[in-house]
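The values are calculated or read from the model by the stated rules, or taken from the named source; none is laboratory data. The shown structure was predicted, so the numbers you read here are calculated from the model rather than taken from an experiment. Using ideal geometry, Cβ is built from the backbone for each residue, glycine included, and neighbour counts are taken over all protein chains shown.
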Amino acid sequence: MNTLLETHSAKLLSAMPVVKSFESKLASLNDWWGKIALIGKINSHNVATTILDDMHRTQNKFGELQKQLTRNLLIENVQKLVLDNSSKAQVAIDLLIRNLFERTADVGFLATDEDIRAFLALDMPSADQEQFIENRLREYVRKYSVYDEIIVFDTQGQVKAHLDQTNPIRFSSDPLLAETLATSQDYLETFRHSDLQDNRLRSLIYSCKITSTDDKSSQLLGVLCLCFRFDDEMKGIFAGLLMPGDTGTIAVTDADGRVIASSDERLLPLNTSFKGEERVRIASYRRQDYIINTRATAGYQGFYGLGWRGVMMTALDKAFSQDDSAGQKNNYADIIDQASTFPKELRDIRKASADINTDLGLLVLNGQIASARKKAAEFMPVLEAIKQIGSDIAGIFAASVNCLQEVTVMSSHLNNAGFLASLAVDIMDRNLYERANDCRWWALTSAFRRCLASADLSFSASRQITEILQYINALYTVYTNLYVYDRSGRILAVSDPKQSMLVGMQVDALGGASEALKNGSSQRYSVSAFAKTPLYQGRHTYIYNAAITDLHDPRQILGGIGIVFDSEPQFQSMLNDVLPRDKQGNILAGCFAVFVERNKTIIGVANHSKLKIGDTLGLDESFFKLKTGQRSSEVVQYQGKNYVLGGAVSKGYREYKVEDAYSNDVIAMVFIPF
């Protein structure tokens, strides 16, 4: 940012209406001061010229102070803009990368699906067998609605089954198939035009080879390709980041700097090239200057994708337009004055202007006494005029600093806290969306359905279920345990060998199994209340459940699957990811965040050693009455300290909590000491 300030300070200042207004008023007053002083020199020979000289020096002190204030106004306004825009650019790319990380697990898991393997092993599959696989793929996308096409190829590039019936593909010559068959990696990620979706400008494809066993060196059967709904996902991310009235444009660029997604394609079309690695810069685009923030992804679980970046660009002439309402809703002046985050330089400037004005008052008083002695009555109006001008100048200084406090600094803190809380709850919704999908998809595992259809579960069948659960859990580490139970709720197998003592026991009454066993729809799932459970070693968590139905008669419920979410570290990680950090990447001292339910129960906490899961958060009732999807921010006192508190209520993601009949409002709260 220092480079930006040093290189473009004049251009930046000219774009700041508040600074221009401040400088215009001071220039007018200085001009009037000069004229008044000249009149005094001409008409007041009887008064010592040292009085006017002293007043001129006072005027120069105000002038030097004005330069300092202008510089600080510049720095604070630019810092606010850079913080806001950089956050949005960073979140745009990081939310996308988090989502795509889940896709890398999906393609690897689905490529080991035993039904797909058996289908590819057939020399001449029947129409019914092909229909069975395509129905299976359709069921998959009904859960994971982030895909618009799934294609199963043999090793020669022939399409054996696929999902999108409007796609005429029968064969592909795309090199990604041969590359996937030859790679030693778990998957390949491809983003470009492909004949897999020939009518698309470009597709985001996750591909994995299908082998006869889980041993990747076993016989090659084909290739699985998942086509991600990239454009649809980006529209959702952009809509969540740009609030009504935002004047900026968010984009994602590829590794070569070309725009691959834009919140405003009329202004910033796809394939527009953004050169340069600077994180923030001013550049001309379509004959207009823009402030451009570019951010690389922070990655997620070691996954960084294809080198894409988030970009936020704002027209310079609109970048510093301010909504004064942010600072006028409450009077934060006293709080801000005490805050360590408010620049000491600005407090010093306000005090210095008041001190200079006091000195000017003494000079005027001295001049009035001298004028009275010399009977120079004509000099009295000059002195009064200069005194008033000095008072007006000091008033402008105070008003400018107060404006910067309440509109720029305070609104920046409030907006940032609310934004971080909204981000935290969005990350949570997206994560738990995957959990609701996982349990429903795993419940359709054919081996589970065949094994549970037997009147008596054999040892080999029990062992098969256990091995599948262990394989799944090894891939999806956000769970501490997965378990399968029969229609009476008796646990038949678990994924965690350390919890094998649960086998044969009845599922916890609060675990959500009873609801799952009442509805066999492949689209329904149930979630336990956030409560202590022996299935999570006596700690609080959510358990996701789905019914396992008969392979030939889906109306017949045979049992269910329960997946125990590892809530403590997962929620802590989500909250840690949004807490503000210093330049070294460390969480700012005193910041903390929580997930709470409307009854004030804490379900997740980060960076606060005294708050525990299951505790009640001691805040006023009003903080828990925000509407679904609403966010807010204000200054509060909590445990004797002032904080900027941002709060946001979950609104769901795609179908999750929106169209699936599951209701569970969670509030994210971010506390930033002030």
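Structure notes:
- For the range 520-579, the tally of residues that are within 23 Å of Ala424 (Cβ to Cβ), hydroxyl-bearing (Ser, Thr, Tyr) and surrounded by 20 or more Cβ atoms within 10 Å (Cβ to Cβ) stands at 6.
- Residues of the range 90-122 that turn out to be surrounded by fewer than 23 Cβ atoms within 10 Å (Cβ to Cβ) and of a type in the set (Gly, Ala, Ser), as a count: 4
- Subset of the range 608-629 (residues that are in contact (Cβ under 8 Å) with a residue 24 or more places away in the chain, within 29 Å of Gly538 (Cβ to Cβ) and either surrounded by fewer than 14 Cβ atoms within 10 Å (Cβ to Cβ) or among the basic types (Lys, Arg) (or both)): Gly614
- Filter result for Ile169 (surrounded by 13 or more Cβ atoms within 10 Å (Cβ to Cβ) and either part of a loop (DSSP other than H, G, I, E, B) or touching a Lys or Arg at 6+ places or on another chain (Cβ under 8 Å) (or both)): yes
- Scanning the range 29-50 finds no residues that are in a helix (DSSP H, G or I), under 41 Å from the mean Cα position of the chain (by Cα), modelled with pLDDT of 75 or more and loosely packed, with under 12 Cβ neighbours inside 10 Å.
- Out of Ser522, Ser500, sole residue that is under 26 Å from Gln470 (Cβ atoms) and touching a Ser or Thr at 6+ places or on another chain (Cβ under 8 Å): Ser522
- Test: residue in the range 563-573 that is outside any strand (DSSP E or B) and among the acidic types (Asp, Glu): yes
Listed here are the residues, each with its yes/no results for (1) in contact (Cβ under 8 Å) with a residue 40 or more places away in the chain; (2) surrounded by 21 or more Cβ atoms within 10 Å (Cβ to Cβ); (3) of a type in the set (S, T, N, Q); (4) within 18 Å of Val19 (Cβ to Cβ).
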site: His56; (1), (2), (3), (4): no, no, no, no
site: Asn60; (1), (2), (3), (4): no, no, yes, no
site: Thr70; (1), (2), (3), (4): yes, no, yes, yes
site: Lys88; (1), (2), (3), (4): yes, yes, no, no
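- Count of the range 434-456 residues which are touching an Asp or Glu at 6+ places or on another chain (Cβ under 8 Å) and within 23 Å of Ser650 (Cβ to Cβ): 3
- In the range 128-166, the residues that are assigned to a helix (DSSP H, G or I) and hydroxyl-bearing (Ser, Thr, Tyr): Tyr140
- Residue in the range 183-197 that is farther than 18 Å from Thr155 by Cα, surrounded by fewer than 17 Cβ atoms within 10 Å (Cβ to Cβ) and not basic (Lys, Arg) present: yes
- Those strands (runs of 3 or more DSSP E) lying entirely in the range 245-345 with at least 3 residues of a type in the set (Ser, Thr, Tyr) and at pLDDT 90 or above: none
- Residues in the range 266-323 that are closer than 15 Å to Ser86 by Cα and among the β-branched types (Val, Ile, Thr) were compared, and the one that is surrounded by the fewest Cβ atoms within 10 Å (Cβ to Cβ) is Ile282.
- Taken as a whole, the structure places Asp254 among residues that are touching a Gly at 6+ places or on another chain (Cβ under 9 Å), farther than 23 Å from Lys318 by Cα and surrounded by 14 or more Cβ atoms within 10 Å (Cβ to Cβ).
- Filter result (of a type in the set (A, V, I, L, M), closer than 25 Å to Ala529 by Cα and either outside any strand (DSSP E or B) or over 17 Å from the mean Cα position of the chain (by Cα) (or both)) within the range 574-594: Met574, Leu575
This table checks each residue for (1) closer than 24 Å to Asn135 by Cα; (2) at pLDDT 95 or above; (3) assigned to a loop (DSSP other than H, G, I, E, B).
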position: Thr466; (1), (2), (3): no, yes, no
position: Tyr483; (1), (2), (3): no, yes, no
position: Asp508; (1), (2), (3): no, no, yes
position: Gly511; (1), (2), (3): no, no, yes
position: Ala546; (1), (2), (3): yes, yes, no
